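The values are calculated or read from the model by the stated rules, or taken from the named source; none is laboratory data. Fair warning: this is a prediction, and the values are worked out from it, not measured in the lab. Positions of Cβ are generated from backbone atoms using ideal geometry, with glycine treated the same way; all protein chains shown enter the neighbour counts. Surface accessibility is based on the protein's heavy atoms, side chains included, excluding ligands, DNA and RNA. Shrake-Rupley method; radii C 1.70, N 1.55, O 1.52, S 1.80 Å.
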Amino acid sequence: MKRIRIGMIGGGQGAFIGAVHRRAMRLDGGFDLVAGCFSRDPANTRETGAALGLAPARLYATWEEMLAREAALPPGERIEAVCIVTPNHLHAPQAIAALAAGFHVAIDKPLATSVPEAEAIAAAAARAGRVLALTHNYSGSPMVREARELVRAGALGEIRKVYAEYLQGWLSEPLEAAGQKQAAWRTDPAQAGPAGALGDIGTHAHHLLEHVTGLRVARLFARLERVVPGRALDDDDMVLLELEGGSSGALCASQVCFGRENGLRLRVFGTRGALEWDQEHPNELRFTDTSGAARTLRAATGATGEASRSLTRLPPGHPEGYLESFANIYSAFARAVRGEGDPLDAPFPGAAEGVRGARFIAAALESSRTGRWTEG
């Protein structure tokens, strides 16, 4: 299997998600990280690169320098793809430049801070003919895939109600005031964009809902709150949803639920069945059929279908979770870059899903501002 040479923008010392991406892309051996601009601080980039064993000549002071110098290398040496794990406001310029330079792109969510920026990234990917993967990693979970397949097979009948929630408690206190790096940029409109909790975790809940049900949000009514005094962006959100076909639901995203860790949960109710998935127990999917009997389907067992098993790595009873779902996204991204086929119909989210997420955020912001239902 050919390993893809990849460079990283962001993810230096003190960052969280960059290290997750690096571990995920290594898990299946599909990538060689050979270059990087890991920070605006060149010293941080040098320290990060040294810790990763990268050649000093492939560590760059700016991301612009990295793209230009890598593109000038011979085809057999230059990077083939770029991983972008910077704060949200940098996604659009970096992704568009990387695509224009001829590189494939993997980018952390949200795709961009506005609909025009998201659409510009999608257009750049189309012009360049390059692969763009958006790391909504939960879609790489085997039991999320099982839930999607159950819905598509009609096991739930017609979808009536959908509830998605993502509850965290880590921002219950004003950590940004104490200089905590992750809190500081996520609560800063100049870096995070116009949405706080909604852009950080609500976009995950929105993508999960549409990915599993196959239904798009048609209209929404949002109330975005700032619970912690002095905070510039929303930290507690409630959104009522109208979906295609007339079904309805609700989405809750909050980072001020004291004691909650990473509570992403999806519940789908149809005319013939129901399902429930909880990210903190990712190897289980609760399914209720027409008899009213509730069954817990377990990953890697005979209870799951082929699509789910294609994302499963370990025998029954051996837990898989966050990193493995990320790695499933990166493995599918690698197959796409190599031009290979894929056993799944939607192996990873791309530009279209990123534009959908940007439109959802924009609609929720508009609804909260006006106090009216808004097209989603």
For this session: Of all residues in the stretch 1-34, count the ones that are closer than 29 Å to Gly341 by Cβ, in contact with a Gly (Cβ under 8 Å, 6 or more places away or on another chain) and small (Gly, Ala, Ser).
Result: 1
Exercise. What single numbered condition from (1) of a type outside the set (Val, Ile, Thr); (2) open to solvent by less than 30 Å² (accessible area, probe 1.4 Å); (3) assigned to a strand (DSSP E or B) fails to hold for Leu156?
Worked result: (3)
For this session: Please determine, by comparing only the residues of the stretch 119-166 that are under 14 Å from the mean Cα position of the chain (by Cα) and of a type in the set (Gly, Ala, Ser), which one is farthest from Ala190 (Cα to Cα).
Result: Ser141
For this session: Of the numbered conditions (1) free of Cβ contacts under 8 Å to residues at least 24 places away in the same chain; (2) under 27 Å from Gln168 (Cβ atoms); (3) over 20 Å from the mean Cα position of the chain (by Cα), Glu280 fails exactly one; give the number of that condition.
Result: (3)
For this session: Select, from Val162, Val144, the only residue that is open to solvent by less than 30 Å² (accessible area, probe 1.4 Å), in a strand (DSSP E or B) and either of a type in the set (D, E, K, R) or in contact (Cβ under 8 Å) with a residue 60 or more places away in the chain (or both).
Result: Val162
For this session: List every residue pair whose Cβ atoms lie under 8 Å apart, where the two residues are 6 or more positions apart in sequence or sit on different chains, the first residue falls within the stretch 87-116 and is closer than 23 Å to Glu366 by Cβ, and the second residue, located anywhere, is basic (Lys, Arg) and open to solvent by 10 Å² or more (accessible area, probe 1.4 Å).
Result: Val115/Arg359
Exercise. Restricting attention to the stretch 127-141, and to residues there that are touching a residue at least 60 places away in the same chain (Cβ under 8 Å) and part of a loop (DSSP other than H, G, I, E, B), which single residue is nearest to Val82 (Cα to Cα)?
Worked result: Val131
For this session: Could you tell me which residue of the stretch 346-376 is nearest to Val217 (Cα to Cα), considering only residues that are open to solvent by 20 Å² or more (accessible area, probe 1.4 Å) and in a loop (DSSP other than H, G, I, E, B)?
Result: Trp373
For this session: Would you mind telling me which numbered condition in (1) assigned to a helix (DSSP H, G or I); (2) within 21 Å of the chain's Cα centre (by Cα) Ala112 fails?
Result: (1)
For this session: Could you check, for the stretch 332-342, whether at least one of its residues is more than 30 Å from Leu297 (Cα to Cα) and among the basic types (Lys, Arg)?
Result: yes
Exercise. With respect to Arg231, is the statement that it is open to solvent by 60 Å² or more (accessible area, probe 1.4 Å) and in contact with an Asp or Glu (Cβ under 8 Å, 6 or more places away or on another chain) true?
Worked result: no
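Take the conditions of a type in the set (A, V, I, L, M, F, W, C) and open to solvent by less than 10 Å² (accessible area, probe 1.4 Å) and apply them to Ala112. Does it pass?
Details: of a type in the set (A, V, I, L, M, F, W, C): yes; open to solvent by less than 10 Å² (accessible area, probe 1.4 Å): yes.
So Ala112 fits the description; yes.
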